[in-house]
Amino acid sequence: MSAKGPNHGAPRHVAIIMDGNGRWASERGWPRSKGHRHGVEALRRAVRAAGDMGVEVLTLYSFSAENWSRPETEVRFLLELLRRFIRTDVAELHNAGVKIMMIGCRKGLDPSILAMMEEAEALTRENTSLKLVIAFNYGSRQEITRAVQVIARKVAEGKIDAADVTAAVISNHLDTGGLPDPDLLIRTGGEQRLSNYLLWQCAYTEFVFLPEYWPDFNADLFRRAVEEFQSRDRRFGGIKAQTA
């Protein structure tokens, strides 16, 4: 991946932290569940906009490893939303050529949810128009820990020499192995932090923080974030080239 300087093209990989569903609903006097329901509509708009703008990979933070600490009723509702999304949207995404990938820890997940996730991945595995990566039960520190444990076992078994453990080796053992790092990360809802999301992968990612809550996210906001990305001078640790 090479830097093109200001006014370069669409980002190859966009990651989004879909924040603000609960606050959006609470400010309207509605239950938080209504915010999550409207958030699914925003997710659909984001997928369509990504495809229209030529984005190759769209990674969405749908449920973090820390979200299990939320009230049980809200967790149950979020899990049901995931089930409903897979049941109702996967066929349409498949017909549009979208490849679905799930990242995050699968250990201990409800067998019915796990089966649906695996079926969605299997059905869309050969699709090539857009890679839609759903981060579910995901935490970046947990992901890095799992990767290091696997690498350590390989070193102990003599499959890898410790001196050969490079940044590329670590990257390939992450849940996102084989994917390009995000060029652009968008977070809605006004917060300005990563919240344990793609910590390794975002070393040189451009961040755009939007004040709008996720249920209000649409193609115009997506384009605004991409235009902000395109105005940035991405140097990847180098210096700006001198012009004559």
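All of the numbers you see were taken from the coordinates with simple rules; none came from a lab. Every value quoted in this text rests on a predicted model; they were computed, and no experiment measured them. Cβ atoms come from the backbone with ideal geometry, glycine included; neighbour counts cover every protein chain shown.
Relative protection proxy for 164-171, 34-41, from highest mean packing down: 34-41, 164-171 (other beta-carbon atoms within 10 angstrom). Would you mind pulling out the separation of the Cα centroids of segment 191-222 and segment 47-98, in Å? Using only Cα atoms, the two centres lie 16 Å from each other. Put simply, the amide H of residue 207, placed in the peptide plane, has neighbours under 5 Å in 185, leaving out anything fewer than 5 places away on its chain.
Computed over the chain, the per-residue total of -39500 (n - 2.57) for DSSP H runs of n ≥ 4 gives a 222 nm mean residue ellipticity of -13500 deg cm²/dmol, rounded to 500. Which part of segment 38-67 falls in the paramagnetic zone of residue 88, meaning amide N under 19 Å from the point 7 Å along Cα-to-beta-carbon? Hits in segment 38-67 for residue 88 at 19 Å: 38-49, 62-63. Is any residue of segment 160-177 close enough, with backbone N under 13 Å, to a label point placed 7 angstrom from the Cα of residue 148 along the Cα-Cβ axis, and if so, which? Residues passing the 13 Å test: 170. Descending by average beta-carbon neighbour count within 10 Å, the peptides 68-76, 116-124 line up as 116-124, 68-76, the highest first. Straight-line reach from residue 154: taking Cα to Cα under 20 Å and skipping same-chain neighbours fewer than 8 places apart, the aspartates and glutamates in range are 143, 164, 175.
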